[in-house]
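The values are calculated or read from the model by the stated rules, or taken from the named source; none is laboratory data. Because the structure is predicted, anything quoted here is derived from the model rather than measured. Positions of Cβ are backbone-derived with ideal geometry, glycine not excepted, and every protein chain shown enters the neighbour counts. Keep in mind that these areas ignore ligands, DNA and RNA; they rest on the heavy atoms of the full protein, side chains included. Shrake-Rupley method; radii C 1.70, N 1.55, O 1.52, S 1.80 Å.
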Amino acid sequence: MKANVNQDFEKIVDMDFEKSAVPLDARKSFWSITIVWLGFVFVITSMMTGGGLASGLSFSEIIFAIAIGNIFLSVIAIAIANMASKTGLSFALITRYTFGNKGSKIATLFVPIVNIGWYTIQAATYGNFIASVLNIEGAGELVILFLSAIVMGIFAFSGIKAITILGYVAIPAIIFLSIGTAIKSGMIAGWDTIINCVPKDSMSVVNGVTIVIGTWILSTATCIADTMRFAKNRKEAMLSACVGLLGGNSLLILCGAIAGIGMEDSDLTAVLLKLGLVVPSLILMTTNIFTTNAANLYSSSLNLANSFRTDRKKIIAIVLVISGLLCLTRPYNIDMLFKFLNLLGVIVPPLAGIILSNYYIINKGEYPDLDSEEIKEWDFTPWISWAIALVIVKLLEGVAKGGSAMNGIFGLPALNGIIAGFLLYTLIAKVFVKRSIL
């Protein structure tokens, strides 16, 4: 009787299904999951990315980089969304099938560590904007930076329902103000100037595509599963994934690029203030960053809850304090953002390839129950595959820098990483492991 009471209580408490698959009767509508995903994707750093691309690429090259980068992201997103919707599992639970019950604790620890860095950069960007508007510097700015990280975590405590409500309120404002910022920048500089811009710095198109991929490769390869597991069916999950990236991410990067060209500044905070849009820009920054960071922290809490086998809300409280302290280092400058995006674009893709191989090739699109004895405690195959894949990506990066035609083939670390991770894991799991060579 006591065991049954505990199980019933756990079901009531676990409304976000941290430890189990989302049942069909708890699935959300297409628009609900799309709003959450758009809220995740609509982030000010995507506009900053557009501004950064504008300093090194022509307008036509920017359009090309945005299109190719987001098509690539959408392919990965579709594969992960299909898996998450069919299984109803969060990314943290999915990794148990690949890395083992205990091994997944380490694998899912890696993702939130990177996510916390992403969360912190966005919180610091918002705090810096508020400090700039209020003309506060020094210790006062540091206080604002710290509080920005803390306040943004409120919605994540209430789970997917609160994040959905936030999205319904914020998304229309983000779309309207992002487009408005781009239009006003174009009117000030002249649309001929925008379209025929000559970049001040030199950036290869391949590097531009890699940076676009870097904006959402982590969430596309991992965190999207935490949203799409709530989809009623696989078709809606895959369509929602594409709307967020091909529609949302492309729009924000393009708006950021136009604003960057028109105002001759890749620092979006400075651009918004130059335009004199203090109140509208405050609304844009608030809705934009809050929706993304709420979903970001929610996903991180699920992963860390799996790693430490503890309550999600306790994890959130600890993460907020850590992020607040990290914000004191002022990690909001554009150079740090681009270094971070490039790093993500290299390290994370092999993980996506490995998980996709495990589901679609090794397990043929079917996973056993979470309590199945088929799931190992540890599996070193994915770790070996990941390590070798990173070495291969680094070697191909060296080939691409040679300046030959190979640059166009091997110049995309993210693509190289996913393919290498997918092929290596498939090879090792099907050939070497089955023959007991490893």
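Quick notes
- Linear extension gain, residue 29 paired with residue 384, 0.36 nm per residue minus alpha-carbon span: 123.9 nm
- Each residue of the range 374-382 was assigned a 3J(HN,Hα) from its phi angle through the Karplus curve 6.51 cos²θ - 1.76 cosθ + 1.60 (θ = phi - 60°); the sequence is 5, 7, 6, 7, 9, 9, 8, 4, x Hz, with glycine and proline shown as x.
- Adding -39500 (n - 2.57) for every DSSP H run of four residues or longer, then dividing by how many residues the chain holds, sets the calculated 222 nm ellipticity at -23500 deg cm²/dmol.
- The listed residues 31, 383, 216 rank as 31, 383, 216 when sorted by accessible area, largest first, using a 1.4 Å probe.
- Under 5 Å from the amide H of residue 28 lie the amide H atoms of 231, 232, each residue being 5 or more positions distant or on a separate chain, with H modelled from the backbone and absent for Pro and chain starts.
- Residue 328-residue 133 pseudo-label distance in nm [points 7 Å out on the Cα-to-Cβ vector]: 2.5
- Listed residues 395, 166, 326, most fluctuating in the chain (Gaussian network, C-alpha, under 10 Å): 395
- Here the extension length gained between residue 193 and residue 154 equals 9.8 nm, from 0.36 nm per residue of separation less the Cα-Cα distance.
- For residue 376, distant residues with modelled amide H under 5 Å away: 101
- Among 264, 374, 141, residue whose mean-square fluctuation peaks in a GNM of the chain (springs only between Cα atoms under 10 Å): 374
- Accessible surface ranking for 42, 155, 59, 1.4 angstrom probe, highest first: 155, 59, 42.
- For the peptides 310-317, 76-83, residues were scored by their other Cβ atoms within 10 Å and the scores averaged per peptide; the highest-first order is 76-83, 310-317.
- Sulfur and carbon atoms: percent of accessible area, the chain [1.4 Å]: 68
- Too-long pairs where the Cα-Cα distance tops 30 Å, listed order kept, from 274/394; 313/394; 184/235; 105/430: 274/394; 313/394; 184/235
- Angle between the chain longest axis and helix 413-427 axis [Cα atoms, degrees, rounded to 10]: 10
- For the range 359-397, trypsin sites (Lys or Arg not before Pro) meeting the loop criterion (DSSP other than H, G, I, E, B) and having at most 16 other Cβ atoms within 10 Å: 364, 376.
- Cleavage-rule hits (trypsin sites (Lys or Arg not before Pro)) in the range 19-112: DSSP loop, at most 14 neighbouring Cβ within 10 angstrom: 102
- When the Cα positions of 103, 415, 52 are compared along the charge dipole of the chain, 103 comes out farthest toward the positive end, with charges on each C-beta of Lys, Arg, Asp and Glu.
- Computed 3J(HN,Hα) for the range 70-77, one whole-Hz value per residue from the Karplus formula 6.51 cos²θ - 1.76 cosθ + 1.60 where θ = phi - 60°, is 7, 5, 4, 4, 5, 4, 5, 4, glycine and proline marked x.
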